[in-house]
Amino acid sequence: MRPLLSQEIARREDFGLLLNRLGLYGTAVEIGVDRADFALSFLDKWQGVKFIGIDPWNPKYDYGVFVGRDRDADYKHSITVLEEFRKRRSFLSPLKIQLCRCPSHEASVLVEDGLDFVYIDGDHRYEAVRDDIRIWWSKLSPNGVLAGHDYNGDWMDHVRTAVTEFAWMIGAQVYYVLGDAASWYILKGEG
């Protein structure tokens, strides 16, 4: 099937709104938190109860690519901004935030099944994206949403190939939203 431009959301920051409309308020996972910029914009719109951020925050290399900056500082920054957000939001509704400083495949064995949302923005190499999609798809609830970043741009050949192959294999429709680095998503209830 040919990927379709999403009619539900216009940009990746709106995934929280999509989940709310679908009644998915349980647990969301982001793979590749970096400095928690996307996490904050997602959580600002989502009414769910638990967020798990996964990133190795490796001081020398992230996903086989030299980062050239202090990943320990990025990890500490993520902790600080997410905790501040959690405190502000707790007045409206409780939110549990958990950060896992390890690779995606290691975190997957620690995270419970029945997830409502998984956003893949970690290792962008083909094999890693392919493996993340397979691992995390199996952990989604029956109506969960699997999504990811960099559907176009520098990593397009790797990401788009892995996503397209997986969608074809399970007979699912891929939707995408525009942006400098577009995002993609698959609704498990449709697959």
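One table, with the values for the structure above:
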{"read-out": "Residue in the stretch 161-179 that is under 17 Å from ARG12 (Cβ atoms), aliphatic (A, V, I, L, M), more than 16 Å from the chain's Cα centre (by Cα) and in a helix (DSSP H, G or I) present", "value": "no"}
{"read-out": "Unique match (being open to solvent by less than 40 Å² (accessible area, probe 1.4 Å) and among the acidic types (Asp, Glu)) among ASP157, ASP180, ASP131, ASP116", "value": "ASP116"}
{"read-out": "Any hit, the stretch 136-155, residues being among the charged types (D, E, K, R), modelled with pLDDT of 95 or more, closer than 26 Å to ARG21 by Cβ and not in a strand (DSSP E or B)", "value": "yes"}
{"read-out": "Unmet requirement for VAL109, which otherwise passes all of (1) surrounded by fewer than 16 Cβ atoms within 10 Å (Cβ to Cβ); (2) under 26 Å from ALA162 (Cα atoms); (3) under 16 Å from the mean Cα position of the chain (by Cα)", "value": "(3)"}
{"read-out": "Index of the failed condition, GLU8 passing every other in (1) within 26 Å of ASP131 (Cα to Cα); (2) modelled with pLDDT of 95 or more; (3) acidic (Asp, Glu)", "value": "(1)"}
{"read-out": "Tally, over the stretch 16-60, of residues that are open to solvent by 10 Å² or more (accessible area, probe 1.4 Å) and part of a strand (DSSP E or B)", "value": "2"}
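The values are calculated or read from the model by the stated rules, or taken from the named source; none is laboratory data. The model shown is predicted, which means the values in this text are computed figures rather than measured ones. Don't worry about glycine lacking a Cβ; one is built from the backbone with ideal geometry, like all the others, and counts go over all protein chains shown. The protein model used for the area step is the full one, side chains on, heavy atoms only, and it has no ligands, DNA or RNA in it. Shrake-Rupley method; radii C 1.70, N 1.55, O 1.52, S 1.80 Å.
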